[in-house]
Amino acid sequence: MQININNLSKKFSGKSALTDVNLTICQGMFGLLGRNGAGKTTLMRILATLINKSSGEISICGINILKTKELRKLIGYLPQDFSVYPNLSVYEAMDYLGVLSEVPSSERKKVIPELLEKVNLLDCKKVKVRALSGGMKRRLGIAQAILHNPKVLIVDEPTAGLDPKERIRFRNLLCELAKDKIVILSTHIIGDIEATCENIGILDNGSLIFKGTVQELKSKAEGKVFSMNVKPDELERIKQEYIITGMIMLGDSISIRVISDVPPSDNAQICEPNIEDSYMLMIGGIDNV
Amino acid sequence: MFNLFLKECKQLGKSLIYIVFICITIAFYTTQYYSSIKGNDPQYLGSALLKPSYVQDVEKYNKENNMYPYGSTSEEISEQVMPKATLMMYEEHMQGTYRAYPYGLIKHVKLDKEDTKKIEEIISQTTGKSLSELDKLHKTGKWSEIYFSSSSKDYASFKKLMEEANNIIGEQSNYSKENLKRFGVRPITYEEAMKTYKDLIEKDKITNGFARQFCDYMGIVMGLFPVFVVISFIMKDIKSNMKQVIYSRRVSSTKLILSRYSALVIMMMIPIFLLAIVSTFQAASFSEKLNLTVDYFAFFKYSIGWLMPTLMAVTAVGMFLTLLTETAIAIPVQMIWWYASITKGVLIGSYALSQLMIRFNTIYDRDEFVSNITNIFLNRMFFILISAIFVVASIHILNLKRIGRIDFYDKYSKCFTNFKGKFKNSLSK
């Protein structure tokens, strides 16, 4: 069970959205990182058979991407801006989408309450979709995406706008699902990836600039992360020269976290890199975000 | 597929626009059909269900009651057409404006000097008098003294002159070939009245005649208002941001379109069927008083054969345009189509393939209906075919959008979005 992407490119009206992407995604959680407009949603939509590729090859569990009919049985998709007819109740929405996924009536009756329980929405099954909070809607989104028990779950920016509690609940839910599925999580929230994904890919300007494990990404910044205290009037100069990934005000000085190939000053101390440092290093600093 | 169809029906049934559609249909039924048919209750003298009683002297009856016993009908009677048409032309000439009815709308035509002179010549030729002589006769109320020869030769040359006048004034003036016969009126005879009665009671079993008029009125509703329901229903995926969730699912485009299309057609036929039941009971209650029998299925037969093809075509075209453009472009398109059909057709007898709504604005004239049945059948079949073509095209469009094998959506939706943006900007300015 894996997804193979070879030399994938996508152009919109002559403008490249994805350029020569090569990637293999295996069972488990896969995180796709990248700033807004990096091409994450385009890649997700291509995998969800919603838009065509311009060139390259993709196979999902051995099935060519062009065989949409077969693939739609295997794929569950939660789009970035998921919504359902507001006048339907939670159960009605699930039932309708179940019919569209061609889940038999008897199975729907069994599976829908189970899934609603899993996403903690069983008590709200009669509540209209319009009355759900953002977090509840996302959980409903996950429930509908796995209604037909897909092998591949594609989740596009699912935690954007959620409060920390909802975000953690959502991440845990995805991890549970990844036990027997390929779950592709696209996000620009690094914390989500760090907490859930073994393997990650970073897209920047339509190109895949990194693929590997979280540890491999962290190691990219090994020996390049420093912390030091600076005076406020020095900050502008340092910003021009280095990538700053953290900043804490300490009375009349500022403690900063800097990425640099060499120690930026005598008082700079080398630090253990985190995934955020490595990500910033990969995409070339905050000015590029 | 039946499951999906039921779910679509349920969703449509709950929508506000569908409730509004039902209200419009009922309002139209009440104000148009019901109000015109209720006079046929046998308790009223003018009821079509009452057997005509024989009147020996029709003219005497007319003088005493100021109406003919069995009504009157238009007929091209040269003795009546010539003086009346000429008088109208003279009066219009004096007023300086001539009436014409292109596309069913009244148009006041003003002629230039040259054309006015031509009309004057035509009036002089038909009456054999100069304009000053005619002025005198008109002022002194002696117009009837003008002699018109109604020999076939003279009438033929009169018609030629009228045709000439029609060409000068414009399409569908009072002097056009079709409108000329309206100047002639004759009383309906007892034999004709009896035939009409027998046709309605025995051949049409009352309800078949009533059903034709029912379809005539309800066709006007079905030719326009369904498009609003269709647009709202098809656009709900876009409005609710559900396009991607639905497009990525296993259901085939054929199944999805056919379920939605059939849900739209069946649900919009429901008010028609309910009104057909009401109308059948109404006709049955009329007939019971006279011990007459009715065809209980007439309203349903006519609703399905007559109204449904109109509804199917409007729904299919509306669905296709909405899917294609993701805008409400189908509304102006349907309005133009509806308007063209309603103004082009006459109340009875216009069954060309271009007629979206076919009309038969009477409960009588069974013979006229029977003589046109082939044309009506062809017309209805044509619209069923149109529906099928647009449904297939809708499936194709949805397929293309779902699989994204062409950039159709990107190109055209952007084009429409840009247009909408420009339009909004220009409005805000």
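The values are calculated or read from the model by the stated rules, or taken from the named source; none is laboratory data. The structure displayed is predicted, hence computed values, not measured ones. For neighbour counting, all protein chains shown are included, and Cβ atoms are generated from backbone atoms with ideal geometry for every residue, glycine included.
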Check whether at least one residue in the stretch A:27-44 is under 19 Å from the mean Cα position of the chain (by Cα), surrounded by fewer than 24 Cβ atoms within 10 Å (Cβ to Cβ) and hydroxyl-bearing (Ser, Thr, Tyr), and report yes or no. yes
Which one is nearest to the chain's Cα centre (by Cα), of the residues in the stretch A:106-127 that are surrounded by fewer than 16 Cβ atoms within 10 Å (Cβ to Cβ) and not in a helix (DSSP H, G or I)? A:Asn120
Please go through the stretch A:1-32 and pick out each residue that is under 25 Å from A:Arg171 (Cα atoms) and modelled with pLDDT under 90. A:Met1
Would you point out which residue out of A:Gly251, A:Gly223 is under 17 Å from A:Glu272 (Cβ atoms), out of contact with any helix residue (DSSP H, G or I) (no Cβ under 9 Å at 6 or more places or on another chain) and of a type in the set (Gly, Ala, Ser)? A:Gly223
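Assigned to a helix (DSSP H, G or I), free of Cβ contacts under 8 Å to residues at least 60 places away in the same chain, of a type in the set (Lys, Arg) and crowded, with 21+ Cβ neighbours inside 10 Å: is that true of A:Arg139 in this structure? Can you show your working first?
Numbers: assigned to a helix (DSSP H, G or I): yes; free of Cβ contacts under 8 Å to residues at least 60 places away in the same chain: yes; of a type in the set (Lys, Arg): yes; crowded, with 21+ Cβ neighbours inside 10 Å: yes.
Against the criterion (assigned to a helix (DSSP H, G or I), free of Cβ contacts under 8 Å to residues at least 60 places away in the same chain, of a type in the set (Lys, Arg) and crowded, with 21+ Cβ neighbours inside 10 Å), A:Arg139 qualifies.
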Which condition number does B:Asn291 fail, the rest of (1) touching a Leu at 6+ places or on another chain (Cβ under 6 Å); (2) on the phi > 0 side of the Ramachandran plot being met? (1)
Just to check your reading of the model, which residue among B:Ser350, B:Ser371, B:Ser387, B:Ser303 is free of Cβ contacts under 8 Å to residues at least 24 places away in the same chain and in contact with a helix residue (DSSP H, G or I) (Cβ under 9 Å, 6 or more places away or on another chain)? B:Ser350
Does B:Ser279 count as crowded, with 21+ Cβ neighbours inside 10 Å and either within 30 Å of B:Leu49 (Cβ to Cβ) or aromatic (Phe, Trp, Tyr) (or both)? yes
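I'm checking my understanding of the structure. Among residues of the stretch A:53-68 that are among the β-branched types (Val, Ile, Thr) and over 19 Å from A:Asp180 (Cβ atoms), which one is farthest from the other protein chains (Cβ to nearest Cβ)? Can you show your working first?
The first filter runs over the stretch A:53-68 and keeps only residues among the β-branched types (Val, Ile, Thr), leaving A:58, A:60, A:63, A:65, A:68.
Now restrict to residues that are over 19 Å from A:Asp180 (Cβ atoms): A:58, A:65, A:68.
Working: A:Ile58: 13, A:Ile65: 10, A:Thr68: 5 Å.
Top of the filtered list is A:Ile58.
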When the stretch A:9-51 is examined, which residues are found to be within 15 Å of A:Ile209 (Cα to Cα), assigned to a strand (DSSP E or B) and within 14 Å of another protein chain (Cβ to nearest Cβ)? A:Ala17, A:Leu18
Could you tell me which numbered condition A:Leu115 fails, if it satisfies all but one of (1) closer than 21 Å to A:Arg72 by Cα; (2) within 14 Å of chain B (Cβ to nearest Cβ); (3) in contact (Cβ under 8 Å) with a residue 24 or more places away in the chain? (2)
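Being in contact (Cβ under 8 Å) with a residue 24 or more places away in the chain and more than 19 Å from A:Ala93 (Cα to Cα): is that true of A:Cys175 here? Walk me through how you get there before you give the answer.
Working: in contact (Cβ under 8 Å) with a residue 24 or more places away in the chain: yes; more than 19 Å from A:Ala93 (Cα to Cα): yes.
Criteria met by A:Cys175.
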Select the helices (runs of 4 or more DSSP H) contained entirely in the stretch B:104-191, then report the ones holding at least 2 residues which are in contact with a strand residue (DSSP E or B) (Cβ under 6 Å, 6 or more places away or on another chain), farther than 30 Å from B:Asn62 by Cα and not acidic (Asp, Glu). B:152-169
If you scan the stretch A:142-173, which residues turn out to be in a loop (DSSP other than H, G, I, E, B) and either under 15 Å from A:Val84 (Cβ atoms) or within 21 Å of the chain's Cα centre (by Cα) (or both)? A:Ile146, A:Leu147, A:Asn149, A:Pro150, A:Lys151, A:Glu157, A:Pro158, A:Thr159, A:Ala160, A:Gly161, A:Leu162, A:Asp163
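Okay, residues lined up against (1) within 24 Å of B:Val185 (Cβ to Cβ); (2) surrounded by 11 or more Cβ atoms within 10 Å (Cβ to Cβ); (3) in contact (Cβ under 8 Å) with a residue 60 or more places away in the chain; (4) out of contact with any helix residue (DSSP H, G or I) (no Cβ under 7 Å at 6 or more places or on another chain):
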{"site": "B:Gln56", "(1), (2), (3), (4)": "yes, no, no, yes"}
{"site": "B:Asn62", "(1), (2), (3), (4)": "yes, yes, yes, yes"}
{"site": "B:Tyr68", "(1), (2), (3), (4)": "yes, yes, yes, no"}
{"site": "B:Glu75", "(1), (2), (3), (4)": "yes, yes, yes, no"}
{"site": "B:Met89", "(1), (2), (3), (4)": "yes, yes, yes, no"}
{"site": "B:Thr97", "(1), (2), (3), (4)": "no, yes, no, yes"}
{"site": "B:Asp154", "(1), (2), (3), (4)": "yes, yes, no, yes"}
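Here is a yes/no grid of residues against (1) basic (Lys, Arg); (2) under 28 Å from B:Val278 (Cα atoms):
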site: B:Thr293; (1), (2): no, yes
site: B:Tyr296; (1), (2): no, yes
site: B:Phe320; (1), (2): no, no
site: B:Thr325; (1), (2): no, no
site: B:Ile336; (1), (2): no, no
site: B:Thr343; (1), (2): no, no
site: B:Arg366; (1), (2): yes, yes
site: B:Thr374; (1), (2): no, no
Checking the structure you have, find out if any residue of the stretch A:69-81 is crowded, with 16+ Cβ neighbours inside 10 Å, more than 10 Å from chain B (Cβ to nearest Cβ) and not in a strand (DSSP E or B). no
Among the residues listed as A:Gly134, A:Gly141, the single one being away from chain B (no Cβ under 13 Å) and more than 22 Å from B:Cys9 (Cα to Cα): A:Gly134
So is A:Ala93 under 16 Å from the mean Cα position of the chain (by Cα) and touching a residue at least 12 places away in the same chain (Cβ under 8 Å) or not? no
Among the residues of the stretch A:160-179, count how many are crowded, with 21+ Cβ neighbours inside 10 Å and of a type in the set (Val, Ile, Thr). 0
Report, by residue number, each residue of the stretch B:194-222 that is surrounded by fewer than 21 Cβ atoms within 10 Å (Cβ to Cβ) and either more than 21 Å from B:Ile376 (Cα to Cα) or free of Cβ contacts under 8 Å to residues at least 24 places away in the same chain (or both). B:Met194, B:Lys195, B:Tyr197, B:Lys198, B:Ile201, B:Glu202
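Scan the stretch A:245-273 for residues that are out of contact with any Phe, Trp or Tyr (no Cβ under 8 Å at 6 or more places or on another chain) and surrounded by 18 or more Cβ atoms within 10 Å (Cβ to Cβ) and report the count.
So in the stretch A:245-273, the residues out of contact with any Phe, Trp or Tyr (no Cβ under 8 Å at 6 or more places or on another chain) come out as A:245-256, A:261-262, A:265-267, A:272-273.
Then keep just the ones that are surrounded by 18 or more Cβ atoms within 10 Å (Cβ to Cβ); that gives A:245, A:254, A:256, A:273.
Total satisfying the criteria: 4.
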Go through (1) touching a Phe, Trp or Tyr at 6+ places or on another chain (Cβ under 6 Å); (2) outside the structural domain of B:Thr322 (by TED's automatic domain parsing); (3) touching a residue at least 40 places away in the same chain (Cβ under 8 Å) and name the single condition B:Asn166 misses. (3)
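Considering only the stretch A:82-101, how many residues are assigned to a loop (DSSP other than H, G, I, E, B) and within 7 Å of chain B (Cβ to nearest Cβ)? Even if it seems obvious, please write down each step before you answer.
Here is the first cut: in the stretch A:82-101, the residues assigned to a loop (DSSP other than H, G, I, E, B) are A:82-88, A:101.
With within 7 Å of chain B (Cβ to nearest Cβ) added as a condition, the list becomes A:82-87, A:101.
Of the residues in that region, 7 qualify.
In the stretch B:241-267, which residues are more than 7 Å from chain A (Cβ to nearest Cβ) and touching a Leu at 6+ places or on another chain (Cβ under 8 Å)? Please lay out each step first, then the result.
In the first step, residues of the stretch B:241-267 are kept if they are more than 7 Å from chain A (Cβ to nearest Cβ); the result is B:243, B:252-267.
The answer is B:Ser253, B:Lys255, B:Leu256, B:Ile257, B:Ser259, B:Ala263, B:Leu264, B:Val265, B:Met267.
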